[in-house]
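The values are calculated or read from the model by the stated rules, or taken from the named source; none is laboratory data. Here the structure is a predicted model, which is why all the values come from computation and not from measurement. Here the Cβ positions follow ideal geometry from the backbone for every residue, glycine too, while neighbour counts run over all protein chains shown. Each accessible area value is taken on the protein alone, full model and side chains, heavy atoms only, with ligands, DNA and RNA left out. Shrake-Rupley method; radii C 1.70, N 1.55, O 1.52, S 1.80 Å.
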Amino acid sequence: MTSTLLADDPMMGLAPLPDPLFDRPDVHGVPMSSPAPSATIVPRRPPVSSPAQQRRAIRGWARNDVMMLSGALLSALSTTVLLFGRITPLSGQFGFAVVGFVVFLATYAVILSVTENRPAVIDRVVTVLLVGAALVAVIAVTSVVFFTLWRGKDALWRPNTYTSDMSQTGPNEGLDKGGIGHAIVGTLIVIALALVLTVPLGVACAVYLNEKATRVAGFVRTVVTAMTALPSIVAGLLILSTWIIILHHEYSGLAAAFAVSIVMLPIIIRAADVVLRLVPGNMREAAAALGAPQWRTVWHVVLPTARSGLTTSVILGVARGIGETAPVLLTAGFTNSINVDPLKGNMVTLPLTAYNLIKSPLPSQVARGFAAAAVLILLVLILFIIARVLGGRPVGQLSKRQARRAAARSLRDLARCEAHGRIAGVAVSSEVAS
Amino acid sequence: MTNAITTTLPRVADPGTSAPAARDLDSKRGFGDKVFDRMTSASGLAVLAIMLAVGLFLAIEARQALSKAGWSFFTTAQWETGRGTFGISAILLGTVLIAIVAVTVATPISLGAALFITEVAPTWVRSTMIALVDLMAAVPSVVYGLWGLKLLQGQVVGVSRWLNTWFGWIPIFKVNGADPKNPLTNATVFTASVFVAGLVVAMMVMPIACVVMRQVFSQVPVGEREGAFALGSTRWGMIRVVALPFGRGGIIGGTMLGLGRALGETIAVVLIISPRNTITAHVLEAGTNSVSALIATRYNEESGLGLSGLFAAGLVLFGITLFINFTASWFISRSRSGASSEA
């Protein structure tokens, strides 16, 4: 094949003699003898005296590792089955998993010690332990989510679960009657009220922590940190004592919103504080250098820069507040019918409904309780995903649309400045700006 | 628009004239800034006020019960407000035992998960794990309660029975009413116990502690980390001599934050335990109580003195968690890694 090509080559006779020191580039099937004028000629290195070293694989799994791991797994499995079934009277998958893991660790260590030295054995065993700890977390969270959804599935797909309340339905009636609509409405109202209370206060407090580097601000930050772990039932007790006992108001959605706000506030402040701290200092300084007063710097520079992070912190606060039971239990009362007035009458939220229904001995009530919990966890999941998507972008980085909007806004500002003639004496034209 | 942006351009001094006078560096804050100062300071003080109000109003409501019971409030085990004998010794013990079980279970798991995230996991697993742990923190406590009651408890009874059968001679694993010789002992003596409640609370404590520990471990200086590797250390060797000492403050602080959360957990505990006010350290035995569970179950049955007693119990819980949380943040901020830590 090459020979026919060579024969057709008119340059054949002119080909220079091969230089022993240079490698001929043999790229794209170009025959050796036709020199490609544009190709780089790579100098051949003088031969290395020692034999060529093989590149060591420092990552990944050698076959030996895989064999030892799977061998230990198999051995541990059979030992555990033996131990479990024959020797000790332990029962349940939970116990099986715990014993199996311990046996696996021991077996793996023994197998490793045949070929490896002590530090390597310890390193491998510890790695398995760390993976095991992470697995526990993964199994726990998936089992919590899927167990709830699974047990709630009978009620979840029925539309009446979402539209009706329990006022006309007896506890014994099937899942095709009644529902948790009253709890969904109650949850939305309580959370909306809590948001109205906490978002301005929380963001203002986070701004305070960031803009004022005083000793008081430091103390407030410490108090906020301590408040994040405030037992939620204590928040309920505060509203119970002030709003309901001392001020003689009735149990209501508003009282529940107050209590939930106390739980949400520190979470929003903490998260917003962290986000605001990430706003680059030079943006603040640029605003100040342009003569902007502090409140304008905060309003036009700091807050818009941190917008996505602030949204995330609010959503995380909502995800926490939406699932709080104890403060609502003490302040909202309980009802079986839809109540849309947060000022008057008892109100329930999803977690409180789930808690009450699940204590019932009747299977249909328990199924409704699980449906309430499943709706709750779906809400939390949705909020969580939104927070992740929004929070994925670092502070100050704009999306395309935001960047376009910001550019349009600067152009408008420029036009306004020119109209006012404020920047007199400086040659500014819209062409320069754009 | 009194506060429109005014740009003052520096005046270029003529070379021939005398040197310009020093500029006054004091910034005069305009009306807008004064309003801004007032509003932000007020919001910061509002948070302090809420925290003060919690202590103040709980104390006001608790005064009646505390003055009636005196110091016996801390030594009495029964809670019979109708007869005037009530105290929180048994309840406080139950609270502390549940929290200890939870922290004992959760700390190794969260430490392991945090080290897995920072040291072992490849990048894509790392981000997934971080999201999962954050999700775990966002799952409502009532859902954990349902899960513990309907799924975990059935699994744990076997473990409780096994612990009792083989280690029943250790006092804390003793169960009254269970016969180690009889493997068919009724399972109900093992349900609704401190152990089960502690395990469920551990699931809630784990993500809180894990987040703090992960943040601390991710701040381990790269130079020290690579130095250990360059000296031939294994991964565990690096963790032992570099990561763990560096993150000690975070480990202690994260554990204590988790402890604070465990002490105050309400609904999951209420769902699992069956209330019983006796002083006992038998963690596998059915029946216990915790401060927050007591409040949640009794608040609408009690009035007058009884309600005041509940507020007193809440005040004690508030004091304990406040102390623990402040200690936790002190530990985190004092540690070498704590200066930039968020917790």
- request: Determine the order of B:ILE252, A:ILE189 by accessible area, beginning with the largest, at a probe radius of 1.4 Å.
  value: B:ILE252, A:ILE189
task: Ignoring everything but the protein chains, give the 1.4 Å probe accessible area of A:LEU230 in square angstrom, nearest 10.
output: 20
field: Environment charge of B:ALA69, counting only residues whose C-beta is closer than 15 Å and scoring Lys/Arg +1, Asp/Glu -1
entry: 0
query: What percentage of the solvent-accessible surface of the stretch B:91-299, computed with a 1.4 Å probe over protein heavy atoms, is contributed by carbon and sulfur atoms?
result: 68
query: With springs only between Cα atoms under 10 Å, which of B:VAL211, B:VAL194, B:VAL222 fluctuates most in a Gaussian network model of chain B?
result: B:VAL222
message: Could you report the buried accessible area between A and B, both sides summed, computed with a 1.4 Å probe and given in Å² to the nearest 100?
response: 8000
- prompt: In percent, what relative contact order does chain B have, based on Cα pairs under 8 Å that are 6 or more apart in sequence?
  reply: 25
message: Given N residues in the stretch B:274-313, what is its alpha carbon radius of gyration divided by 2.2 N^0.38 Å?
response: 1.29
field: Sum of side-chain charges, B:THR81 neighbourhood, beta-carbon under 12 Å (Lys, Arg +1; Asp, Glu -1)
entry: 0
message: Just to verify a number: what accessible area does A:VAL340 come out at with the full protein assembly present, 1.4 Å probe, Å² rounded to tens?
response: 100
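Heavy-atom accessible area per residue, chain B, 1.4 Å probe: how many Å²? Mind dumping the intermediate values first?
On the way: 15640 Å² over 343 residues.
Each residue of chain B exposes 46 Å² on average to a 1.4 Å probe.
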- request: Mind scanning A:LYS153/A:LYS177; A:LYS177/A:LYS344; A:LYS212/A:LYS400; A:LYS359/B:LYS174; A:LYS153/B:LYS150; A:LYS177/A:LYS359 and naming the pairs with a C-alpha gap bigger than 24 Å?
  value: A:LYS177/A:LYS344; A:LYS212/A:LYS400; A:LYS359/B:LYS174
message: Could you put B:LYS150, A:LYS344 in order of accessible surface area, largest first, with the 1.4 Å probe and the full protein assembly present?
response: A:LYS344, B:LYS150
Stokes-Einstein translational diffusion, chain B - Kirkwood Rh over all Cα pairs, 1.002 mPa s, 20 °C, in µm²/s: 89
- request: Please work out the FRET efficiency for the pair A:GLU173 and B:ILE279, using the Cβ-Cβ distance as r and a Förster radius of 35 Å; give the result to the nearest 0.05.
  value: 0.20
task: Report the extension gain between A:ILE385 and A:ARG405 in nm, rounded to one decimal, defined as 0.36 nm multiplied by the number of residues separating them, less their alpha carbon distance.
output: 4.6 nm
statement: Among B:GLY250, B:MET238, B:THR188, the residue whose Cα sits farthest towards the positive end of the charge dipole of the stretch B:91-299 (+1 at Cβ of Lys and Arg, -1 at Cβ of Asp and Glu, taken about the Cα centre) is B:THR188
message: Please report the net charge: other residues with Cβ closer than 15 Å to the Cβ of B:GLN153, K and R +1, D and E -1.
response: +3
query: Taking the Cα centre of the stretch B:91-299 as the origin and placing charges on Cβ (Lys, Arg +1; Asp, Glu -1), which of B:LEU271, B:PRO108, B:LEU132 is farthest toward the positive end of the dipole?
result: B:LEU271
- request: Could you pull the Rg and Dmax for the protein assembly as shown, using just the Cα atoms, both in Å?
  value: 33.1, 120
